[in-house]
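Chemist: Starting off with a structure, shown below.
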Amino acid sequence: MLKRRLPALLIGPLLASGAWASPPTLLYDGNTDPVPQGWQQLQQSPHTETVGDGTNGVDAGTTRFTTANAGSTSGQNLYTHSVGTANFITSIRLKALSVNPHNTGDAGLMFSATDAFAPPFGSSANRSHMLYLDSATVGWGDDTGGTAPFNSLDGAFHEYALRYLNGQLSVYIDADYADIASGAATPLLSRSFVPSTTASAMVLFGDQSNDPNVNSDFVVDYVKFQNLDLPDPPASITATGSDGSVSVAFTPPAGTGSSAISSYSVTATGPGDVLAGSCTPTPALPASGQTASCVITGLTNGVTYTLSVSAVNASGAGPAATATAQPRLVPAAGPAAVPSLSPAGLASLAAMLAAVAAGQNLRRRRRETRSKERTQKF
């Protein structure tokens, strides 16, 4: 299988027209054990992790996590990653190979968005809001708030997403991020959830339980994340090169995030992603649909620069919209072109010149005649 790859941040000027059209951030890409990629492991043996190489029964670019070891009756293997924000979407793309039915508050295969998580199993509040994956259903860890039928053991990868937005935690399966963010996607499950603190919000996945016979075996492709508190990328960005400078123009983003936009960051980077300059747009806070612009000077003619524009709110700078341009020396205006004449025009011009010449000859002969007459009188 060719692994579907997601860029860490894919930002483009044409993607800024819709809400959260830019790709989300990868928290885990499946190419290694999660720990080297910034995850904390909470575990009790036995468990195994197998990084796929395409020949060991696991696809390259994915990792297999197993607590259902031969002869084992229990095991825990849980991974946590702090995201530290209030409103977000997070998802995991995985293929379940086997999973035992969960116990209330414990699951062999789960995915969770929570706040402060007390090692190694979390508090009862953490466990109540985790999403468990059984063989034929998904539901909440405390067995309240309903369940949704879903066959996770169909041999295929599925993307399980959680959206936390303004006190509501919702579950989606195989839904597009832009549709989840905009509300176009319909959640399978939804419940209220008020974290004790947003500063320690976390994403978790794995085998949360060490209960006997509550185990799992699954393969992870990736985990990704999108901060809904940040603004969208600005729209309609353009960049035009002049002598030693580039003019940048843009319009405000479709979505401002969870707070109003306070400023815009406009920068130019050259080869090697070296910052080459910045400018402050006018107007500083354009109204919806209004174009703002500014000029970055001190650039080198003939060098290609990447121009980036990000909207900033109380949560920070959102993803950037980008464009490229080259400063260039504009040639000075040359001599005016001589208009061409048609054959009829040329004939008319020739006749006019001939008339002028004849008139000059006539005046010359008259002067000569008068001069001779004066000479004869003397």
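Chemist: Could you please give the count of residues in the stretch 210-236 that are open to solvent by less than 20 Å² (accessible area, probe 1.4 Å), touching an Asp or Glu at 6+ places or on another chain (Cβ under 7 Å) and not in a strand (DSSP E or B)?
Modeler: 2
Chemist: Looking at Ala113, Ala107, Ala161, can you tell me which residue is open to solvent by less than 10 Å² (accessible area, probe 1.4 Å) and more than 19 Å from Ser209 (Cα to Cα)?
Modeler: Ala161
Chemist: With the requirement that a residue be over 11 Å from the mean Cα position of the chain (by Cα) and among the charged types (D, E, K, R), what does the stretch 222-237 give you?
Modeler: Lys224, Asp229
Chemist: Might you let me know whether the stretch 237-246 holds any residue that is without any contact (Cβ under 8 Å) to a residue 60 or more places away in the chain, surrounded by fewer than 18 Cβ atoms within 10 Å (Cβ to Cβ) and in a strand (DSSP E or B)?
Modeler: The answer is no; no qualifying residue exists.
Chemist: Restricted to the stretch 143-175, and to residues that are closer than 20 Å to Asp229 by Cβ and in a loop (DSSP other than H, G, I, E, B), which residue is farthest from the chain's Cα centre (by Cα)?
Modeler: Gly167
Chemist: Name, by its number, the condition in (1) farther than 27 Å from Gly84 by Cβ; (2) hydrophobic (A, V, I, L, M, F, W, C); (3) under 22 Å from the mean Cα position of the chain (by Cα); (4) open to solvent by 20 Å² or more (accessible area, probe 1.4 Å) that does not hold for Ala317.
Modeler: The failed condition is (1).
Chemist: Select from the stretch 247-275 the residues that are of a type in the set (A, V, I, L, M, F, W, C), open to solvent by 40 Å² or more (accessible area, probe 1.4 Å) and either closer than 15 Å to Ala320 by Cβ or under 20 Å from the mean Cα position of the chain (by Cα) (or both) and list them in ascending order.
Modeler: Ala254, Ala260, Leu275
Chemist: Somewhere in the stretch 166-184, is a residue at pLDDT 90 or above, over 30 Å from Val51 (Cβ atoms) and in contact with a helix residue (DSSP H, G or I) (Cβ under 6 Å, 6 or more places away or on another chain)?
Modeler: Within the stretch 166-184, not a single residue is at pLDDT 90 or above, over 30 Å from Val51 (Cβ atoms) and in contact with a helix residue (DSSP H, G or I) (Cβ under 6 Å, 6 or more places away or on another chain).
Chemist: Looking at the structure I just gave you, is Asp207 within 29 Å of Gly52 (Cβ to Cβ), surrounded by 20 or more Cβ atoms within 10 Å (Cβ to Cβ) and among the acidic types (Asp, Glu)?
Modeler: For Asp207, the condition - within 29 Å of Gly52 (Cβ to Cβ), surrounded by 20 or more Cβ atoms within 10 Å (Cβ to Cβ) and among the acidic types (Asp, Glu) - is met.
The values are calculated or read from the model by the stated rules, or taken from the named source; none is laboratory data. None of these values were measured; they are calculated from a predicted model. Glycine also receives a Cβ, built like all others from the backbone with ideal geometry; neighbour counts cover every protein chain displayed. Surface areas here come from the heavy atoms of the whole protein model, side chains and all, with no ligands, DNA or RNA. Shrake-Rupley method; radii C 1.70, N 1.55, O 1.52, S 1.80 Å.
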